[in-house]
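The values are calculated or read from the model by the stated rules, or taken from the named source; none is laboratory data. A quick note: this is a predicted structure, and the numbers were derived from the prediction, not measured. Positions of Cβ are generated from backbone atoms using ideal geometry, with glycine treated the same way; all protein chains shown enter the neighbour counts.
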Amino acid sequence: MEIPYTVKPRPDTGLYNAKVGIWLFLASEVMLFGALFSAYILLRVGASAGTWPHGLLNVTLGTINTIVLITSSITVVMAWVSLKLNQFGKFKMYQAITLLCALAFLGIKSVEYKDKFSHYQIIKKDGTYVDGHMHGATYLDKEGKSREEHKFHGLSFKENNVEYSLKEVVLNGIEAAQLSEINEPHKDKEHKHEHKNISVPAAEIQKINNYGPWHNTYMAIYFTLTGLHALHVIGGALVIGFLWGPGAKMWRTEPERFTNRIEVSGLFWHFVDLVWIFLFPVLYLL
Amino acid sequence: MNQYFDLTKLLQLPILASEHGKHVDALIIWVHWLMIALFIGWLAFFFYAIFRFRKSKNPKADYTGAKTHASTYIEVAVAVVEGVLLLGLAIPLWAKSVDKYPAEKDATVLRVTAEQFQWNSRYPGADGIFGKQDAKFVAADNLLGYVAADPNGKDDITPPFGEIHVPVNKPVIVYLSSKDVIHSFQLDPMRVTQDAIPGMPRIPTQFTPIRVGKYLITCAQLCGSGHSTMKGNFVVDTAEDYQKWLLEKSKSTSATTFE
Amino acid sequence: MSDNHTAHDVSKHVRGYLIVFGALLIGTVLTVWASHFHFGNKDSNVGNIVVALIIALTKAFLVAGYFMHLISEKKLIYSVLAFTGFFFAGLMFLTLWSMHPQNIVHFK
Amino acid sequence: MQHTNHDLHHGHDHDHAHHEPGFWGKYVFSTDHKVIGIQYAITALVFLFFGFSLMMLMRWQLAYPGKAIPLVGSLLHNMLGDAAPGITDASGKITGYIMSADLYNAFGAMHGTIMVFLGIVPLAFAAFGNFVVPLQIGAPDMAFPRVNMASYQSFVVGGVIMLVSFFIPGGAASAGWTSYSPLATLGSTHGQTFWIIGMVFLITSSLLGAVNFIATIIQMRAPGMNWMRLPFFVWAQFVTAFLLLLAFPPLEAAAVMQLMDKVAHTSFFLPTGLVVSGQLANISGGGSPLLWQHLFWFLGHPEVYVLILPAMGIVCEIIANNTRKPIWGYKSLVYSTLAIGFLSFIVWAHHMYLTGMGTKISTFFQTTTMIISIPSVIILTCFFISLWGGSIRFNTPMLFCLAFLPMFGIGGLTGLPLGFNYSDLFLHDTYYVIAHFHYIVAPGTIFALFAGIYYWYPKATGRHMSEFWGKVHFWLSFLFMNLIFQPMFVQGMAGLNRRLYDGGATYAGVADPATGLVVGIPQVFLDLNKMISHAAWALALVQIPFIINFFWSMKNGKKVTSDNPWEATTLEWQTPTPPPHGNFLTEPHVYRGPYEYSVPGHGKDFTPQNEPEHGAPQPIPQKAH
Ligand code: HEA
Ligand code: HEA
Ligand code: CUA
Ligand SMILES: [Cu+2]
């Protein structure tokens, strides 16, 4: 006996196996992201006043990425339609666009990530803050010969066993007395912070770290959610890529089954898009 | 209430030294009555059935089997009893213990801060007010970040680790917190258990000791390699002894800081 | 909708897909635009959250409904999703409810 | 698709042409649900025994705190180093090796993890589900054979990661199987990281399995096999699969967050102002330890029903078969199971009563907890009443099933005092809890699984396991299980806490000179530890007959005389033995419910599901070539 309903739907359910499978899988995905969204709400509600950043992310890039994903969604649908209409060439074309969109999305995301890692916050010994992008750092070696760096290498670092220690860092950003001034710029209209280069001597630094996941719970959930989402994008792209390249052979042998595969992979892709539809406002706008 | 069917003997519950404790025991005992009744009943039926319907005795099985509805009644009965225990005892008693706190002035108030693997206590002293705390001031010699400047803190009393005294027959309010991991403040004779969770300052728990004696504080939450040894002494004194103890502690206090 | 489709009624849907696509683009622009205003009373951004969520939900409905064919999907799929939705709601609300400061016994 | 004889043969040549599977293809990378089921079974049994072995070592420490471990002491030391430090006598020479507190905690955490996620779930759900479900619904295989294989491989990877973690510096995870943060996250060793990654693989495995089972049961039921004709075992697996599908992802999310806390130094579960070993922890803070508990128990409680439902399914099959009569109240069984599945998602916080829960929340969760106990009562009651009027055969599988009933009864009933938070106040974290759930999972689930092994073994191998040694295995296991877990109730009532490295010695009762009354745990209850431990080791010994029986019978067991040795009604017995690739020679048609035993007016006392209503029974197809 062969396995039934791999292509034709089962009469009483009206579905073929893979369709049932993917929807069940998506159900579990809903619970996965659902739990993370719950965590997000909880951390946000629990965050003490002024510590939750607003307008930290680059909305333009976020918007572009949203559009990129939406576009990829429509091309996925069109690819499936093309197969239904028996236009294999068009299918190839649409899925190619889909894959390009996937790449574009990941590219833009990595740019955003990179930006966050070069964005620093300094807590000075006097309890005030300096916040901005790393402009440069000056280090001194034993003989007091100074050395300019564009990147921050920690309070001290070693290079071919010469010990360099931090003299000062220059951030391009703002100074603030309270965290809230940094995190809620929209709240206080009175003192307008325009960005300028601020140099901070090592001696005044109480704590310095960049906006990696460790920076605060917002960055933590931001990196976790978008990172997990990015993994889904990669996974989806791999599947679609396979069905576009080597997997496409099946079109000649079992066209119907191949069309189903495209539909199923498409369902997954739309789900990834769907998650982003919520991530975007939640992380970028609110 | 339960002197007629005394399961305490059978259940071997530890000595009871707090006022509300008798209710905890009562609930435990009532539930166990339910369990025992069900279990015996079922077991009896069970053995009778497998004995009477063994193959050698009953070679031909009966297609329909039991035609009774008794089971439904039993199930309903179980549900009802559970409901009664729930609405009659469990819920109201819990509500009482977490919602109705005595006024601080007619209670013995103390803070207990758990850390791996011991119990710190702090009394508000004569003024009855604890010193302020502020994360800013947390430092090696002041791990709870008490504000040195705060006058209320001056007379606070901090006895050595794991030494906690309270007077008998007076409500006790303990404000729990933890420095590092989750611990659980457990006083079996008082029928008290409450987790001490970092980041949740001052989770309160209350009870009224009714029996002078020296009791054990145990930790009821795995908290690391020293979990099993994380015990403390909880001494219930007569009012006078308590005052004496408090007096001598308040002398030595200035010396004892945290750590 | 799925499997047993004649080429004809698939092509009928194409227009629909394109309209949805347009709607999604508009929705995207809309959220961004809306985020520049402040809705509701001034020292709480609940208003904005509501607005943003409404737009997001609409977009989600469009994607799920049309791109994922949900509006014309089989009963089985609906019931699976219904359960999932219920348990998801349970997870989120019960957790948030339990962790609401008012429902945790602590010094007030 | 009715095969004519011709294309049936064709089908076979075809089969051969396709997979001429060598050893690897046949036993290791097989996509045949039966082979995968057996792979799961053996692997899980080994893990089960391993998990038990960890506990036997812990039981030594509990019975004889600080005494040198006999037999394997130096072995432990050689493998784990200072985790099993040496102890010296007066002259300073090493007299033996003991278990450090950290090792005890690691073993405890891993015992829990291994037993639950690498022992019972793979055996009860994956192994039995894989082997039996497709056969019982009349399907040629699972819906997605390759996914099925992937699920098993992911399970093995997860298991290996867990095992490796014992040998990394600092040893395995040691924060309990519940891995509460901050304890799990603080500290510099990587055992917890391994645990999390291992869990991610195990979760993936279960998710793939769950999707596959549900799809299979929905899509691949043979003609006539409508929902109310499904054997109860299939129903149990169906609900179980949904529990895994929807309850595991939140734990996966939690695991990801804990992983971030561990490797990316985030603070999802770490609050502000943590003070670790004398100084302020260098973390951003702002997280919540309670969040982890909620996400863990959101899985945790459904998980416990994952441990019991398949067991109930097995018990149901075997009771029906050995009472030779239909199960009493099949419908209420099904609905109760669905109810349990549904409710088990909204009771989880009964594990968190003492985290400082307000009245509203505790009322809600107490109530749901009490409600969920009712369907369990109904299920058990149906099983009891099914005995009434039967013609009971006491073979080994049946003995294990009969024992399951009261054992589950004890475990379940003792859940009630835990379910009321006011009594849990005292019982929480004591050995009463340990006894509660072990009664359910050990003499409960494990017995049901033993029963299942003895029952389906002939179908899988074509041979019976020895009845005699089976009975020996049963009676002795039954005795020692109870000697192990019954005393734990007593200890728990006396206030002895779980997870105590020294078995409670620190809390040993002392008479207070002032008042004369004894506080702490009276010595008698601590002495029970020795008795329990001896019983545990004895339990291990009496598994030897089973292990030998299990392997020996593969070659030398009594050959089955027919494809249906137990004279059962369900479809798995209407196939050749062992079933060929593709299971059924011709697609079976189902005409009736699963338990049509002793139907009045029928010659024999069982009527297979696929036997046509009128006329001669379908000839049972003989072995494939
Ligand atoms: C398969 C596993 C399983 C099952 C089925 C259950 C079932 C139940 N459990 Fe249990 N439980 C666990 C596994 C399980 N539990 C585990 C592993 C833990 C500890 C986790 C940890 O902290 O490490 C735990 C802990 C635990 C707690 C937390 C205790 C604490 O930490 O303080 C609570 C509290 O409510 C609880 C309640 C219940 C209840 C009310 C049921 C109910 O569903 C029970 C309903 C059943 C009945 C009421 C029995 C009816 C019996 C009959 C009808 C037959 C009688 C037959 C004869 C007499 C012949 N359980
Ligand atoms: C399914 C779950 C499960 C199972 C089956 C068991 C089975 C057993 N458990 Fe365990 N246990 C847990 C889950 C389980 N446990 C959990 C979750 C905890 C809490 C951990 C924590 O605190 O974090 C715990 C804790 C725990 C403790 C408390 C430790 C402490 O708090 O410090 C103890 C103490 O005695 C214990 C003992 C036992 C014993 C003696 C068995 C015995 O019943 C074992 C019986 C096993 C067998 C009989 C083996 C069968 C297998 C074979 C015979 C192999 C055959 C092989 C082939 C044929 C190839 N367990
Ligand atoms: Cu502190 Cu356990
Ligand atoms: Cu539970």
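Tabulated data for the structure shown
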| quantity | calculated |
| --- | --- |
| All positions within the stretch D:393-409 that are closer than 23 Å to B:H69 by Cβ and either of a type in the set (A, V, I, L, M) or surrounded by fewer than 22 Cβ atoms within 10 Å (Cβ to Cβ) (or both) | D:L405 |
| Single unsatisfied condition, B:R211 versus (1) in a strand (DSSP E or B); (2) away from ligand 3 (no atom under 12 Å from the Cβ); (3) closer than 30 Å to B:Q12 by Cβ; (4) not β-branched (V, I, T) | (1) |
| Residue count, the stretch D:479-503 (criterion: within 16 Å of ligand 3 (Cβ to nearest atom), surrounded by 24 or more Cβ atoms within 10 Å (Cβ to Cβ) and not hydrophobic (A, V, I, L, M, F, W, C)) | 4 |
| Checklist (1) within 14 Å of ligand 2 (Cβ to nearest atom); (2) over 21 Å from the mean Cα position of the chain (by Cα); (3) within 13 Å of chain B (Cβ to nearest Cβ) applied to D:A172, failing item | (3) |
| Residue that is farthest from ligand 4 (Cβ to nearest atom) [pool: residues in the stretch D:423-449 that are in a helix (DSSP H, G or I) and of a type in the set (S, T, Y)] | D:Y431 |
| Per-region count, the stretch D:318-359, residues closer than 29 Å to B:P59 by Cβ and either within 16 Å of ligand 2 (Cβ to nearest atom) or not in a helix (DSSP H, G or I) (or both) | 6 |
| Single residue of D:G419, D:G412 found to be buried (at least 24 other Cβ atoms within 10 Å of the Cβ), within 16 Å of ligand 4 (Cβ to nearest atom), within 14 Å of chain B (Cβ to nearest Cβ) and not hydroxyl-bearing (S, T, Y) | D:G419 |
| Enumeration of residues in the stretch D:482-508 that are over 14 Å from D:T430 (Cβ atoms) and more than 9 Å from chain B (Cβ to nearest Cβ) | D:N482, D:L483, D:I484, D:Q486, D:A508 |
| Verdict on B:V174 being more than 16 Å from ligand 4 (Cβ to nearest atom), in a strand (DSSP E or B) and surrounded by fewer than 23 Cβ atoms within 10 Å (Cβ to Cβ) | no |
| Long-range neighbours under 6 Å by Cβ, at least six apart or interchain, first residue more than 14 Å from A:S38 (Cα to Cα) and within 12 Å of chain A (Cβ to nearest Cβ) within the stretch D:278-304, second surrounded by fewer than 20 Cβ atoms within 10 Å (Cβ to Cβ) and polar (S, T, N, Q) | D:G285/D:T272; D:G286/D:T272 |
| The stretch D:347-367 - residue that is crowded, with 21+ Cβ neighbours inside 10 Å and β-branched (V, I, T) and, of those, farthest from ligand 1 (Cβ to nearest atom) | D:I361 |
| Subset of the stretch B:220-236 [more than 16 Å from ligand 1 (Cβ to nearest atom) and within 15 Å of the chain's Cα centre (by Cα)] | B:K231, B:G232, B:F234 |
| Inter-residue pairs, beta-carbon under 6 Å, first more than 8 Å from every other protein chain (Cβ to nearest Cβ) and in the stretch D:579-602, second outside any loop (DSSP other than H, G, I, E, B) and at pLDDT 90 or above, 6+ apart | D:P588/D:L571; D:V590/D:R229; D:G593/D:R229; D:Y595/D:A320 |
| Test: D:G390 is facing chain B (nearest Cβ under 7 Å) and not in a helix (DSSP H, G or I) | yes |
| Odd one out for D:Y455, checked against (1) within 14 Å of chain B (Cβ to nearest Cβ); (2) crowded, with 24+ Cβ neighbours inside 10 Å | (1) |
| Any chance C:L57 is away from chain B (no Cβ under 14 Å) and within 14 Å of the chain's Cα centre (by Cα) | yes |
| Residue list for the stretch D:545-571, filter: in a loop (DSSP other than H, G, I, E, B) and not aromatic (F, W, Y) | D:G557, D:K558, D:V560, D:T561, D:S562, D:D563, D:N564, D:P565, D:E567, D:A568, D:T569, D:T570 |
| Search result, residues across the stretch A:136-166 that are part of a strand (DSSP E or B) and surrounded by 17 or more Cβ atoms within 10 Å (Cβ to Cβ) | A:A137, A:T138, A:Y139, A:L140, A:Y164, A:L166 |
| Near pairs, Cβ below 8 angstrom, 6+ apart or cross-chain, from the stretch D:172-183 (at positive phi) to any residue that is within 15 Å of ligand 3 (Cβ to nearest atom) and among the small types (G, A, S) | D:G176/D:G108; D:G176/D:A109; D:S179/D:A109 |
| Checking D:A247 against (1) crowded, with 24+ Cβ neighbours inside 10 Å; (2) under 21 Å from D:H350 (Cβ atoms); (3) away from ligand 4 (no atom under 16 Å from the Cβ); (4) under 27 Å from the mean Cα position of the chain (by Cα), the condition it does not meet | (3) |
| Residues located in the stretch A:1-19, provided they are at the interface with another protein chain (Cβ under 7 Å from one of its Cβ atoms) and out of contact with any Leu (no Cβ under 7 Å at 6 or more places or on another chain) | A:M1, A:E2, A:I3, A:P4, A:Y5, A:R10, A:G14, A:Y16, A:N17, A:K19 |
| Residue that is surrounded by 11 or more Cβ atoms within 10 Å (Cβ to Cβ), within 29 Å of D:V599 (Cβ to Cβ) and at the interface with another protein chain (Cβ under 7 Å from one of its Cβ atoms), where the choices are B:A61, B:A70, B:A79 | B:A61 |
| Some residue of the stretch B:191-203 being touching a residue at least 60 places away in the same chain (Cβ under 8 Å), within 9 Å of chain D (Cβ to nearest Cβ) and within 16 Å of ligand 1 (Cβ to nearest atom) | yes |
| Filter result for C:A82 (touching a helix residue (DSSP H, G or I) at 6+ places or on another chain (Cβ under 7 Å) and hydrophobic (A, V, I, L, M, F, W, C)) | no |
| In the stretch A:89-142, the residues that are touching a Lys or Arg at 6+ places or on another chain (Cβ under 6 Å) and not aliphatic (A, V, I, L, M) | A:T138, A:Y139 |
| Matching option when the condition is at the interface with chain B (Cβ under 9 Å from one of its Cβ atoms) and in contact with a helix residue (DSSP H, G or I) (Cβ under 9 Å, 6 or more places away or on another chain), among D:T272, D:T266 | D:T272 |
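Per-residue answers, yes or no, for (1) more than 17 Å from D:F52 (Cα to Cα); (2) buried (at least 19 other Cβ atoms within 10 Å of the Cβ); (3) not charged (D, E, K, R):
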site	(1), (2), (3)
D:W469	yes, no, yes
D:P513	yes, no, yes
D:G520	yes, yes, yes
D:L528	yes, yes, yes
D:M554	yes, no, yes
D:K559	yes, no, no
D:N564	yes, yes, yes
D:L571	yes, yes, yes
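Conditions tested, residue by residue: (1) within 14 Å of chain D (Cβ to nearest Cβ); (2) aromatic (F, W, Y); (3) surrounded by fewer than 17 Cβ atoms within 10 Å (Cβ to Cβ).
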position: A:W214; (1), (2), (3): yes, yes, no
position: A:G236; (1), (2), (3): no, no, no
position: A:R261; (1), (2), (3): yes, no, no
position: A:V264; (1), (2), (3): yes, no, no
